[in-house]
Amino acid sequence: RETLVVFVRVAPLTPDLTLLLVEDRTEAKRVEDVRRDFVANVSHELKTPIGALSLLAEAVTDAADDAGAVRHFAKRMMRESSRLGLLVQEIIDLSRLQVAGALESPEPVELDDVLAEAVDRCRTAAAAKNIDVVVAADRDAVVYGDHSLLVTAVRNLVDNAISYSEQDTRVSVVVRRADGIVEVAVSDQGIGIAAADQERIFERFYRTDPARSRATGGTGLGLSIVKHVAANHGGEVTVWSVPNQGSTFTLRLPESVQPIGPGIPAPSSE
Ligand code: ADP
């Protein structure tokens, strides 16, 4: 049930004529609420690493004579500051995506390249857990959009698949084309997501297990970014998951009809 918010103004024009202005402010109020929530969440999320950094700085000062302890705290400070850096970057990305209704300068993007780049960036995380990342690309899959945003989206899905899986498992990235739609499906054999959480995981800062998300360096913004990238490309992202068996996230994007490069030159009319 939605509450209707109206703004009413009464202006007497002449003794027997009154102007009644009724403005529907429902959408404006919703946008304002979303903005206020976002600012509150961001402040809360930023306080955690900033608080940790100041405690660690105190610890370093107190342990100045103990080289081993200083190294230990300094390492933790580096981890917290890179977490803070990632959080700030993702907040900026998300705010940009939220205001930008459409892409600035879309162009044909080959999904092959997007997948290769995204998977490459996850190699270290996958190797650390001995997770095999298998890619089945399609050389003809082309969408019209923004290469780096698509890399960000696919990388977030593959990163999550690795983070929420145990050692020695497999992650697959499969591209399919059908009926003008390009599908990128990222599947894992990980912890899965309960049905009640599946609708909420695309919300900003929503995590099913905040401790696990933080431990793996998660910001809680990844899927929200994926959702906005999909929407800005005229597509969507969905999830299918069975707890303790695994999850599949599917990105569906309209296939590009734009030719790549100069294409075949048109016959000359002369
Ligand atoms: P995070 O930085 O916490 O990973 P995301 O927005 O990427 O944030 O994901 C939101 C939440 O959705 C995660 O905290 C986790 O609970 C859940 N999630 C995302 N991907 C997976 C996955 N592949 N398997 C299990 N849970 C997942």
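Taking one equal scatterer on every alpha-carbon of segment 188-231, how large is log10 of I(q)/I(0) by Debye at q = 0.27 1/Å?
-1.09
So if I place +1 on the C-beta of Lys and Arg and -1 on the C-beta of Asp and Glu, and nothing else carries charge, what would the dipole magnitude of segment 1-100 be about its Cα centre? I want it in debye, nearest 20.
In debye, rounded to 20, segment 1-100 gives about 180.
Find which of Val237, Thr216, Pro49 sits farthest along the positive direction of the dipole of the chain, computed with +1 on the beta-carbon of Lys and Arg, -1 on that of Asp and Glu, about the Cα centre.
Working it through, the farthest residue towards the positive pole turns out to be Pro49.
Give the span of segment 1-154's Cα atoms along each principal axis, as three whole-Å numbers ordered largest to smallest.
Cα spread of segment 1-154 along its principal axes, largest to smallest: 86, 57, 30 Å.
Take the Cα radius of gyration of the chain and divide it by 2.2 N^0.38 Å, with N its residue count; two decimals is plenty.
That ratio works out to 1.30.
Considering the options Ala118, Gln98, Ser82, tell which one lies farthest towards the positive end of the dipole of segment 76-124, charges being +1 on Lys and Arg and -1 on Asp and Glu at the Cβ, about the Cα centre.
Value: Ser82.
Put one equal scatterer on each alpha carbon of segment 1-91, apply the Debye formula with no solvent term, and list log10 I(q)/I(0) at q = 0.22 1/Å to two decimals.
-1.03
For segment 204-220, in order, what is each residue's ³J(HN,Hα) by Karplus, 6.51 cos²θ - 1.76 cosθ + 1.60 with θ = phi - 60°, in whole Hz (x at glycine and Pro)?
Whole-Hz 3J(HN,Hα) from phi for segment 204-220: 4, 6, 7, 9, 6, 9, x, 5, 5, 4, 5, 4, 8, x, x, 9, x.
Roughly how big is segment 59-125's charge dipole about its Cα centre, with Cβ charges of +1 (Lys, Arg) and -1 (Asp, Glu), in debye to the nearest 20?
Using Cβ point charges on Lys, Arg, Asp and Glu, segment 59-125 gives about 440 debye.
Which percent of the accessible heavy-atom area of the chain goes to carbon and sulfur, probe 1.4 angstrom?
Details: 8810 of 16400 Å².
The value for the chain is 54 percent carbon and sulfur by accessible area.
When the helix-only estimate is applied to the chain (DSSP H runs of n ≥ 4, each -39,500 (n - 2.57), divided by the residue count), what is the mean residue ellipticity at 222 nm, nearest 500 deg cm²/dmol?
Calculated at 222 nm, the ellipticity per residue is -15500 deg cm²/dmol.
By Kyte-Doolittle mean hydropathy of at least 0.0 and Cα axial length of at least 30 Å, which whole DSSP H helices of the chain are selected?
Passing helices, by number: 67-99.
Order the following by accessible area, largest value first: Thr238, Thr18. Probe radius 1.4 Å; ligands, DNA and RNA are ignored. Numbers along the way, then the final one.
Details: Thr238 50, Thr18 85 Å².
Most to least solvent-accessible, the answer reads Thr18, Thr238.
Express the accessible area of the chain per residue in Å², computed with a 1.4 Å probe while the remaining protein chains stay in the model.
Numbers: 16400 Å² over 270 residues.
Roughly 61 Å² per residue, with all protein chains present.
The values are calculated or read from the model by the stated rules, or taken from the named source; none is laboratory data. Worth saying up front: this structure is predicted, and the values here are computed from it rather than measured. Backbone-built Cβ (ideal geometry, glycine too); neighbour counts: all protein chains shown. Note: areas computed on protein heavy atoms with side chains; ligands, DNA, RNA excluded. Shrake-Rupley method; radii C 1.70, N 1.55, O 1.52, S 1.80 Å.
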